[in-house]
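What follows draws every value from the coordinates through simple rules; no lab data is involved. Keep in mind the model is a prediction, meaning the values are calculated, not measured. Note: ideal-geometry Cβ built from the backbone for every residue, glycine included; neighbour counts use all protein chains shown.
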Amino acid sequence: MTALKRKSTALLKETEKDIENAILAALQLVKGCKAWKNQSVGIYDPTRKTFRSRSKYQIKGVSDILGIYKGRMLCLEVKTQKGRLSPEQKLFLEEMKALGAATACVRSVPEALTVLGLIDADILHNKLEAVSKE
């Protein structure tokens, strides 16, 4: 088996949890960034042997990783190479983007870091725009 084929096979076996953990580890190293895993799955109650009911204030489709980077909200939905967004996840990302958050569906650490780069570019653009108006 060639090195490229082994790497391709390994990427296909990578779970969302593996990708989330790698992204969270990388984001912890970025100055000005605070990110965390959002627990969006149901909570199992072993005593009652059932999942706890959702609060009326819980939102379906909330991103896997939430955070703040340089004062801007960050919403990252993590998917494997073959994973697809649910309608609720798409809606959440659209609504948060409309409110000013940086949002993306990411499949790797480089994709997540690219979102931070876009925030940096936007901040720089706004500073240059302000200077040019003076």
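Annotations for the structure displayed:
- Rounded to the nearest 500, the helix-only mean residue ellipticity at 222 nm of the chain stands at -14500 deg cm²/dmol, with each DSSP H run of n ≥ 4 adding -39,500 (n - 2.57).
- Farthest toward the positive end of the dipole of the chain, out of 99, 24, 42, is the Cα of 42, where the dipole comes from beta carbon charges about the Cα centre.
- Candidate lysines for bridging to residue 127, where Cα separation is under 22 Å - those fewer than 8 sequence places away on the same chain excluded: 31, 70, 97
- Spin-label proximity, residue 120 to segment 59-79 - amide N less than 19 Å from point 7 Å beyond Cα toward beta carbon: 67-76
- At R0 = 30 Å, FRET efficiency that the Cβ-Cβ distance of residue 111 and residue 53 yields, to 0.05: 0.30
- A simple spin-label model places the labels of residue 60 and residue 36 2.5 nm from each other, with each point 7 Å out along Cα-to-Cβ.
- What the Kirkwood sum gives for the chain is a hydrodynamic radius of 16.9 Å, with every pair of different alpha carbons counted.
- If the segment from residue 68 to residue 129 were pulled out straight at 0.36 nm per residue, it would be longer than the present Cα-Cα gap by 19.6 nm.
- DSSP beta bridges in segment 30-132 [antiparallel fraction, %, rounded to 5]: 70
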